[in-house]
Amino acid sequence: MKKTMVRAIIPAILVMGGSAAVLNEIVLKDQPENIVEAATAQQVFVEKVARIAQTQSMRYGVYPSVMIAQAVLESGSGTSELAQAPNNNYFGINYVESSDKGKYGAVYMLTWEYDKDNAYKVNKPFRTYPNLEASFADNGLKIRSAFAWNRELYKGAWLENASSYTAATAAIGVHYATSGTYAAALNSLISTLGLTKYDPQYKTLNQDQKVKVQTNIYNTFSGQKKSLGSIAAGTVKKVLRQVTLPDGSKYNEIASGQWVMSSAMTDSSSQGPSLMGTVSNDGNPIARVESSRSIAVYKAPGTSVTGQKLSPQSNWKVFGRKTVNGQLWYKVGTNDWIEGKYLYVTGYSKIPVVYFNAGTTINSGEPVAKVEVGHAISVWTAPGVSKKTNTLAAGSRWKVFGRANYAGDTWYKVGTNDWIEGKYLSVTGYSGIPAIDPYLGTHAGKISNYGSPIAKVDYLKSIAVHSAPNGTRTGQQLNPATSWKVFGRKIVDNETWYKVGTNDWIEGKYLYVTGYSKIPVVYFNAGTTINSREPVAKVEVGHAISVWTAPGVSKKTNTLAAGSRWKVFGRANYAGDTWYKVGTNDWIEGKYLSVTGYSGIPAIDSYLGTHAGKISNYGSPIAKVDYLKSIAVHSAPNGTRTGQQLNPATSWKVFGRKIVDNETWYKVGTNDWINGKYVYVTGYSQIPLV
């Protein structure tokens with residue numbers, strides 16, 4: 001049988017060095033618009049994911065067509081349960097707890113597996129992702145770096161190694177899935193859906209070109225490219241092929257496996273016209289450095305430099321423009337600006353103007369926000385939550401009642417449930433504006449003694465569930481406006497927490513709680529242990545607790561009072577809790593107690609009777625079960641269980657005995673043996689040794 005390949009990879013951790021936040025983004029060029037009738041579900045899905053697949057494929061150096069085909073096949077064009085939120089797994093990548101815990105979520109699903117002759121279903125864990133983009137990125141990383149034990153398992157599918165998509169699917173199909181027809185299925189989808197149009201497009205040139213500026217030579221043209229050295233300006237090279245990437249950028253192949261940026265070369269007879277300082281309304285907002293030298297990045301137009309330099313012919317996504325002293329500047333990062341005189345800029349008409357005072361604050365004056373941009377701005381119920389239909393006009397001024405941070409921007413409260421984005425405003429009296437939680441409802445943090453003990457989430461976002469008050473998060477979230485039964489309350493660091501499950505606690509500041517006076521206090525020391533002092537158990541809860549014959553067995557009528565202290569003779573685990581023996585057949589639950597001398601308390605079998613394991617030579621050879629639970633019958637001493645159970649206090653005739661591993665076993669049937677530690681045996685001397 002062919003083994004299932006465990007689909008797990010180590011996630012990439014991207015760290016940007018330096019102080020500047022300028023991101024050299026791959027920008028996808030517009031795809032031709034096709035008008036089709038009765039588009040299939042597969043076609044609709046392809047249109048949805050194509051741009052994302054192209055971006056991630058170029059990032060990891062794999063074929064976009066293959067990535068899209070895998071997503072179609074593995075997710076049923078996005079319709080599978082695994083692909084739906086909150087799972088967002090479009091490629092069937094398995095979850096492996098040893099390497100994935102804490103990095104990914106997990107969900108169990110039934111899935112088909114194949115051996116040579118059969119198909120069968122198995123229940124397996126799969127990774128979950130926060131969104132579609134993360135799933136596609138993980139697939140790209142999987143094909144690029146595979147597994148710790150073989151990082152190059154799928155290297156035959158990499159762009160620099162696979163001459164076609166069929167070569168790539170062949171390399172993937174051998175290891176990715178147990179189905180023997182996996183590669184053929186991918187090839188069929190790529191052909192039927194015309195997915196090769198999303199791949200890098202090659203054109204044969206076989207022409208001489210001159211290098212305009214010294215430039216790097218790379219082993220490939222994707223995000224996985226590595227420098228093989230550089231080539232000097234003025235060098236003439238024969239260009240074999242030119243490849244156009246999905247983002248519109250181009251590379252020239254000057255030898256097998258050697259690529260340079262097409263923009264760094266021109267035909268040998270001319271250097272071509274300069275585009276430096278010019279703009280075009282066509283395309284996306286992109287700034288290309290046309291200077292022959294690297295250019296500086298500034299913190300703001302005409303201010304100090306950040307220290308970062310942008311290389312010639314590099315492309316940068318543009319987020320805004322601003323004219324200062326007759327000079328155009330372009331925003332390419334949060335606080336990163338470059339001079340337009342060194343650039344060729346496309347998509348100019350789509351670049352928003354950055355207004356001078358928008359996003360500024362001063363501490364003097366009354367707390368007032370003025371709309372500084374040249375258009376009306378939206379009003380929201382809370383930052384990023386529920387955009388309203390009303391807007392605030394350009395130049396209008398509004399009194400401010402509070403502020404909050406969301407997605408890297410400051411928002412301002414200008415009404416009961418009215419919030420506006422700070423990036424469009426100039427704000428005075430900033431230091432006098434209180435920082436508030438914008439998602440708190442009007443009843444959040446309040447209580448009432450009326451009704452049943454219920455906690456209602458009065459918060460506009462989901463709230464976290466913790467394993468204990470102020471403890472670690474369980475990963476579970478409670479949605480806004482949902483109501484939950486409350487089993488206990490506890491104050492930690494002046495914050496009230498409410499118990500809504502066995503180990504599930506939520507913060508009171510997000511809740512409106514009814515039946516407050518009926519909610520029992522969860523005492524601090526209940527369930528705690530220390531190793532010092534004598535073995536003593538103290539009842540820590542505010543009520544009497546029950547006594548049991550054994551853990552979970554036969555609750556007695558007597559109880560132990562709150563605050564009372566009892567000597568402990570043994571301990572045992574039952575149903576996830578530790579129980580303590582305080583008398584011959586008297587056991588109490590540890591969750592109600594604080595226990596001292598814990599390390600000196602022996603762990604014992606709480607179900608053994610007082611005569612269990614003992615023998616007598618008097619009477620007939622009889623074994624009586626002196627155990628509070630049924631005991632197993634074995635086919636031989638220390639052998640497999642027969643499935644039969646002998647009930648407590650029942651007596652059985654003994655036909656033989658045998659000692660195995662220092663334990664005495666008794667024969668009570670033809671192939672029926674029981675362990676002597678659970679029984680009281682009479683007539684011991686009359687029992688023959690087997």
Looking at (1) of a type in the set (D, E, K, R); (2) free of Cβ contacts under 8 Å to residues at least 40 places away in the same chain; (3) under 27 Å from residue 648 (Cα atoms), can you tell me which one residue 589 breaks? (2)
Being under 18 Å from residue 541 (Cβ atoms) and hydroxyl-bearing (Ser, Thr, Tyr) is the filter here; which residues of segment 476-518 pass it? 498, 502, 517
Which pairs turn up if I take residues in segment 553-576 that are within 15 Å of residue 527 (Cβ to Cβ) and look for partners that are polar (S, T, N, Q) and part of a strand (DSSP E or B) with beta carbon separation below 8 Å, at least 6 apart in sequence or on another chain? 571/578
Quick one: in segment 475-520, of everything that is closer than 26 Å to residue 575 by Cβ and among the polar types (S, T, N, Q), which residue is surrounded by the fewest Cβ atoms within 10 Å (Cβ to Cβ)? 502
For residues that are of a type in the set (A, V, I, L, M), closer than 20 Å to residue 427 by Cα and at pLDDT below 90, scanning just segment 329-369, find the one that is surrounded by the fewest Cβ atoms within 10 Å (Cβ to Cβ). 353
Contact list, first residue from segment 464-478 and assigned by TED's automatic domain parsing to the domain that holds residue 502 and within 14 Å of residue 510 (Cα to Cα), second anywhere and in a strand (DSSP E or B) and of a type in the set (Asp, Glu), beta-carbon distance below 7 Å, six or more apart or interchain, is 465/504
Test for residue 444: is it aliphatic (A, V, I, L, M) and in a loop (DSSP other than H, G, I, E, B): yes
Please determine, by comparing only the residues of segment 143-193 that are at pLDDT 90 or above and among the basic types (Lys, Arg), which one is surrounded by the most Cβ atoms within 10 Å (Cβ to Cβ). 144
Per-region count, segment 331-364, residues within 20 Å of residue 422 (Cα to Cα) and part of a loop (DSSP other than H, G, I, E, B): 13
If residue 328 passes every condition in (1) of a type outside the set (S, T, N, Q); (2) in contact with a helix residue (DSSP H, G or I) (Cβ under 8 Å, 6 or more places away or on another chain); (3) part of a loop (DSSP other than H, G, I, E, B) but one, which one does it miss? (3)
Being under 24 Å from residue 646 (Cα atoms) and within 52 Å of the chain's Cα centre (by Cα) is the filter here, so list the residues in segment 588-611 that pass it. 604, 605, 606, 607, 608, 609
Of those in segment 490-512 that are in contact with a Gly (Cβ under 8 Å, 6 or more places away or on another chain) and part of a strand (DSSP E or B), the residue nearest to residue 466 (Cα to Cα) is 505
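With a cut-off of at least 1 residues that are modelled with pLDDT of 90 or more, name the helices (runs of 4 or more DSSP H) lying wholly within segment 18-102. Can you show your working first?
Working: elements: 41-60, 64-75, 97-100.
In segment 18-102, 41-60, 64-75 are the helices (runs of 4 or more DSSP H) which contain 1 or more residues that are modelled with pLDDT of 90 or more.
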Which numbered condition residue 509 fails, given (1) closer than 24 Å to residue 472 by Cα; (2) modelled with pLDDT under 90: (2)
Pairing a residue in segment 593-604 that is touching a residue at least 60 places away in the same chain (Cβ under 8 Å) with any residue that is surrounded by fewer than 19 Cβ atoms within 10 Å (Cβ to Cβ) and part of a loop (DSSP other than H, G, I, E, B), where Cβ atoms lie under 6 Å and the two sit 6 or more apart in sequence or on different chains, gives 594/525; 596/530; 596/533; 597/533; 597/534; 598/531; 599/531
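Residue 316: within 21 Å of residue 425 (Cα to Cα), in a strand (DSSP E or B) and touching a strand residue (DSSP E or B) at 6+ places or on another chain (Cβ under 6 Å), yes or no? Explain how you work it out, then say what you get.
On the way: within 21 Å of residue 425 (Cα to Cα): no; in a strand (DSSP E or B): yes; touching a strand residue (DSSP E or B) at 6+ places or on another chain (Cβ under 6 Å): yes.
So residue 316 fails the test.
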Filtered residues of segment 393-438 (kept if touching a residue at least 60 places away in the same chain (Cβ under 8 Å) and in a strand (DSSP E or B)): 425, 426, 427, 428
Within 29 Å of residue 333 (Cα to Cα) and of a type in the set (D, E, K, R) - does that describe any residue in segment 399-406? yes
Identity of the residue in segment 527-551, surrounded by fewer than 17 Cβ atoms within 10 Å (Cβ to Cβ), small (Gly, Ala, Ser) and touching a residue at least 24 places away in the same chain (Cβ under 8 Å), that ends up nearest to residue 576 (Cα to Cα): 546
Could you tell me how many of the residues in segment 438-456 are within 33 Å of the chain's Cα centre (by Cα) and either under 30 Å from residue 320 (Cα atoms) or among the hydroxyl-bearing types (Ser, Thr, Tyr) (or both)? 3
With respect to residue 196, is the statement that it is touching a Leu at 6+ places or on another chain (Cβ under 7 Å), under 21 Å from residue 77 (Cβ atoms) and among the hydroxyl-bearing types (Ser, Thr, Tyr) true? no
Residue ID - modelled with the lowest pLDDT, chosen from residues in segment 370-396 that are surrounded by 15 or more Cβ atoms within 10 Å (Cβ to Cβ) and over 39 Å from the mean Cα position of the chain (by Cα): 394
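Looking at 244, 266, can you tell me which residue is closer than 30 Å to residue 142 by Cβ and touching a residue at least 12 places away in the same chain (Cβ under 8 Å)?
On the way: 266 fails: closer than 30 Å to residue 142 by Cβ.
244 is the lone residue from the list that is closer than 30 Å to residue 142 by Cβ and touching a residue at least 12 places away in the same chain (Cβ under 8 Å).
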Return the only residue of 641, 565 being more than 30 Å from residue 672 (Cβ to Cβ) and of a type in the set (D, E, K, R). 565
Scope segment 648-675; condition in contact with a His (Cβ under 9 Å, 6 or more places away or on another chain) and either of a type in the set (Ser, Thr, Tyr) or within 25 Å of residue 610 (Cβ to Cβ) (or both); matching residues: 665, 673, 674, 675
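Pull up segment 427-443, narrow it to residues that are closer than 19 Å to residue 380 by Cβ and among the small types (Gly, Ala, Ser), then point me to the one that is surrounded by the most Cβ atoms within 10 Å (Cβ to Cβ).
441
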Condition broken by residue 108, with the remaining ones in (1) over 17 Å from residue 178 (Cα atoms); (2) surrounded by 13 or more Cβ atoms within 10 Å (Cβ to Cβ); (3) touching a strand residue (DSSP E or B) at 6+ places or on another chain (Cβ under 7 Å) satisfied: (2)
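The values are calculated or read from the model by the stated rules, or taken from the named source; none is laboratory data. Here the structure is a predicted model, which is why all the values come from computation and not from measurement. Virtual Cβ from ideal backbone geometry, glycine too; neighbours counted across all protein chains shown.
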